[in-house]
1. Only one of these conditions is not met by Leu64: (1) out of contact with any Cys (no Cβ under 7 Å at 6 or more places or on another chain); (2) under 23 Å from Gly167 (Cβ atoms); (3) not aromatic (Phe, Trp, Tyr). Which number is it?
2. Any idea which of Lys369, Lys341 is of a type outside the set (Ser, Thr, Tyr), modelled with pLDDT of 95 or more and within 30 Å of Gln437 (Cβ to Cβ)?
3. Within region 366-394, work out how many residues are open to solvent by less than 80 Å² (accessible area, probe 1.4 Å) and either more than 22 Å from Ser314 (Cα to Cα) or in contact with a helix residue (DSSP H, G or I) (Cβ under 8 Å, 6 or more places away or on another chain) (or both).
4. Residue under question is Leu399, and the condition is that it be in contact with a Pro (Cβ under 7 Å, 6 or more places away or on another chain) and crowded, with 21+ Cβ neighbours inside 10 Å; does it hold?
5. Run Thr180 past the list (1) away from ligand 3 (no atom under 15 Å from the Cβ); (2) surrounded by 21 or more Cβ atoms within 10 Å (Cβ to Cβ) and report the number of the one that doesn't hold.
6. Show me the strands (runs of 3 or more DSSP E) found entirely inside region 251-360 where at least 2 residues are away from ligand 3 (no atom under 16 Å from the Cβ) and under 23 Å from Leu232 (Cβ atoms).
7. Anything in region 340-352 that is open to solvent by 60 Å² or more (accessible area, probe 1.4 Å) and either more than 11 Å from ligand 1 (Cβ to nearest atom) or under 18 Å from Glu375 (Cα atoms) (or both)? List them, or say none.
8. What's the number of the only condition in (1) closer than 21 Å to Arg139 by Cα; (2) within 16 Å of ligand 2 (Cβ to nearest atom); (3) crowded, with 22+ Cβ neighbours inside 10 Å that Ile192 fails to meet?
Amino acid sequence: MKKLYIETVGCQMNVLDSEMVVASLRREGYELTAELTAADTILFNTCSVREQAENKTYSALGRLRKFKRENPGKIVGVMGCMAQKDQRLVFERAPFVDLVVGPGQLQRIPDLLREIESGGGPQMAVSLGRREGSADEIRRSHETFDPLRDPAMRPTPFQAFLRIQIGCDKFCTYCVVPMTRGPEQGRPPAEIIAEARTLADQGCVEITLLGQTVNSYRHRSEGRTTRLSDLLGSLHEIDGLRRIKFVTNYPKDMTRDLLEAVRDLPKVSPYLHVPAQSGSNRILERMKRGYTVEDYREMMARIRELVPDAAVTSDFIVGFCGETDAEFALTYDLVAECRFKNSFIFKYSERTGTKAAELMPDDVPYDVKQWRNNELLQLQNRIAEELNQEFLARTVEVLVEGPSDWQKRQGAAGPVLQLTGRTPCDRIVVFDGTERQIGQFLPVAIYEVSAHTLFGAVVTHEVGPELLSIG
Ligand code: SAH
Ligand code: SF4
Ligand code: F3S
């Protein structure tokens, strides 16, 4: 049996893509290994969103140079967004690489591996660039690769990602995704629903719908348009599914019908990730985000009105081209005002091929970006902790995911484990429990909080000796 090692970085799309690639290769008789050196085929699923992500992959490849020289029969492949963005450059920077495959061509991996094994030499499969063909040809070169599902490859067997949209057409000036993932395409609702049923049949209780701008999802056929809110309504009917989440949202498309669906459908989590990116209108304009800070505020008001308990999270880029201290201060104010549950904060990283790289100098010094990053992070952490305090002495419903990071480092020792899981609003909860509880929904009473974690104890009415011992 051939052994496959796969390393995944980047967003949830990549986690899902890796699941599909593993599923397709298992059908070809491959077996997954966690040991790089034991593998016959080594795949890196890569990300290009910031330079740091690419540098990490190139250094990992660099470390393989000697290994590959000593084991020339092993196959090294680079897949994902960096493969699509760098294409032949991957072979130039790491000449021993055998395979380069963009995210829109992953279904070809089994054939390409066979070609390499039969002496065909290095192989490359990438999608067309945004100006390299007719709209239809370009769309078709970015194929979805979704029907193959493999529970064994998921972070847990009872949680899964489900792609409802591929690509992105927003073209924010800093971003590579419209290049690497191609044009925005909503998958047909019937396909999505069938896939959700398969997942539920496989024992999946939670699905997270994926799209770069998931709430812009639209599918038109036979004169009917299906929106995300309609899709949520249909998915809600599926027996077995108990939680439905969706990421990432685009502020302009956070419409009333969607918020009403979140409010009215109990299985839909009141968790909304809606990146703002900046609190300055001039910067938003230069980013070409398509909304103003006032629009964002209005959206927040709409969320608070319709889903008052929603946990809202955001992304911010600090040190974007030309960002002044005063403009950064506006971002700081927006975070203070919106009180996000959490924000991911990134230092602007110039990406070749984007409009920003072409037209605007990356002129904010690195240490200024670092300072702004720290300031914003400190504020966000303070807010996160304050919001978490409201959970003290409350009981939350937790889907138990598995041993906590601490427990994993300790290894399993005895029947009581420190477990981790999430609330419907995506808060991480840590508590003591047993192996048997993994995959279950449990009520947990919270007695301690930090900025990123709630700590609690399982509540039970049928107090048996085993549960008594775990408090
Ligand atoms: N489609 C999602 C996000 C995709 S990338 C959305 O539009 O919200 C995830 C996050 O990475 C973005 O929200 C942005 O904050 C950040 N990001 C993207 N390009 C970046 C760049 N060139 N430099 C720094 N951060 C970037
Ligand atoms: Fe990138 Fe903007 Fe598309 Fe998000 S919406 S993937 S940031 S271009
Ligand atoms: Fe990275 Fe591609 Fe996702 S660039 S963030 S892996 S869509």
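The values are calculated or read from the model by the stated rules, or taken from the named source; none is laboratory data. Keep in mind that this is a model prediction, so the values were computed, not measured. Heads up, the Cβs are rebuilt from the backbone with ideal geometry, glycines too, and the neighbour counts pull from every protein chain shown. Note: areas computed on protein heavy atoms with side chains; ligands, DNA, RNA excluded. Shrake-Rupley method; radii C 1.70, N 1.55, O 1.52, S 1.80 Å.
1. The number of the failed condition is (2).
2. Only one candidate qualifies: Lys341.
3. 7
4. no
5. Of (1) away from ligand 3 (no atom under 15 Å from the Cβ); (2) surrounded by 21 or more Cβ atoms within 10 Å (Cβ to Cβ), only one is false for Thr180: (1).
6. Numbers: elements: 271-273, 311-318, 342-347.
Filter on region 251-360 gives 271-273, 311-318.
7. Initial filter on region 340-352 (open to solvent by 60 Å² or more (accessible area, probe 1.4 Å)): 344, 350, 352.
The answer is Phe344, and nothing else.
8. Every listed condition holds for Ile192 apart from (2).
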